[in-house]
């Protein structure tokens, strides 16, 4: 396998629901992949059909303030194609915000996650 792309993203959950970093992690992945057009997949790797996109391997590394609170299966759904894997480690940031109970907030924490999305090709 060879690395085709590494893209970095950041995601924020301003509501800190029970220290669950899943929403911030998903936003970080979407931020990382939202500005990419992988033309090289078709032009260099000759992956031309949508079904062939599953030939790529996508590895996501997440830095999160509460890594044990992330729901991995939900995070992996943020990656639209490929064979997927996720690695989660301590990182990110917690900032002080405000608690708005009407929005379901349980604390005043703002949770920030970072994502490194790596696309690999055989």
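No value in this document is a laboratory result; all are computed from the given coordinates. Since this is a predicted model, take the numbers as computed values, not measurements. Cβ atoms come from the backbone with ideal geometry, glycine included; neighbour counts cover every protein chain shown.
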Length gained if residue 74 through residue 96 is fully extended, taking 0.36 nm per residue and subtracting the Cα-Cα distance, is 5.4 nm
Between the Cα axis of helix 22-33 and the main Cα principal axis of the chain, the angle (0 to 90°, nearest 10) is 40
Here the percent of antiparallel bridges among DSSP beta bridges lying wholly in segment 2-121, to the nearest 5, is 75
Mean separation of Cα contacts under 8 Å (at least 6 apart) over the residue count of the chain, i.e. the relative contact order in percent, is 44
By the mean-Cβ-within-10 Å protection proxy, highest first, 49-56, 104-111 rank as 104-111, 49-56
So residue 34 and residue 19, fully extended at 0.36 nm per residue minus their Cα-Cα distance, gain in nm 2.9 nm
With the label point 7 Å along the Cα-to-beta-carbon line of residue 48 and a cut-off under 19 Å to each amide N, the hits in segment 100-122 are 122
